[in-house]
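A.B. asks: Structure provided below as structure tokens; questions to follow.
The values are calculated or read from the model by the stated rules, or taken from the named source; none is laboratory data. Given the structure is predicted, the values throughout are model-derived calculations rather than measurements. Counting neighbours? That spans all protein chains shown, and the Cβs are built from the backbone with ideal geometry, glycine included. These accessible areas exclude ligands, DNA and RNA; they are computed on the full protein's heavy atoms, side chains included. Shrake-Rupley method; radii C 1.70, N 1.55, O 1.52, S 1.80 Å.
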Amino acid sequence: MEKGLSSITTSSSKEGLPLTPHSNFKTASTDDDLAHILFNIKSSKTSAVINYGASWCRVCSEILPAFHRLSNNFPKLSFVYADIDECPETTQHIRYTPTFQFFRDGEKVDEMYGAGEERLRDRVWLHS
């Protein structure tokens, strides 16, 4: 593992979430982690969905297990969770939590505000 990336996890570090059998779920716990993940998404032209949330956000906590389950159902997509309080510099553009950003071929192609498991699943399916 590269120096400085020890806090990027491929399994769930959030309480109450099961470990994922896929390596397509990552948690960014610092600005450097998120910057590195974003760079990799853009340079490798990966399809990805990023969930920007916060520990104090009730709706974020409610949708996070569903987001995690979706990573198991869509193994070809990269799933990233970033807490806006843990990554304040790289998430300063985020105005609402949760915010989901969708990337295809390394470019942001869509954004969704708020939660709703069915709505999120449909949007992930659309971008898979």
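A.B. asks: Round to a whole number: what % of the accessible area of the stretch 23-125 belongs to carbon and sulfur, probe 1.4 Å?
C.D. replies: Carbon plus sulfur share of accessible area: 50 percent.
A.B. asks: For N40 and Q92 in one chain, what is 0.36 nm times their gap in residues minus the Cα-Cα distance, to one decimal in nm?
C.D. replies: 16.7 nm
A.B. asks: Accessible area per residue of the stretch 43-128 at 1.4 Å probe, in Å²?
C.D. replies: It amounts to 52 Å² per residue over the stretch 43-128.
A.B. asks: Based only on the alpha carbon positions, what is the Kirkwood hydrodynamic radius of the stretch 23-125, in angstrom?
C.D. replies: For the stretch 23-125, the Kirkwood estimate is 13.4 Å.
A.B. asks: If Lys and Arg each add +1 and Asp and Glu each add -1, what is the summed charge of the other residues whose beta carbon sits under 12 Å from the beta carbon of C57?
C.D. replies: Every neighbour counted, the sum reads -2.
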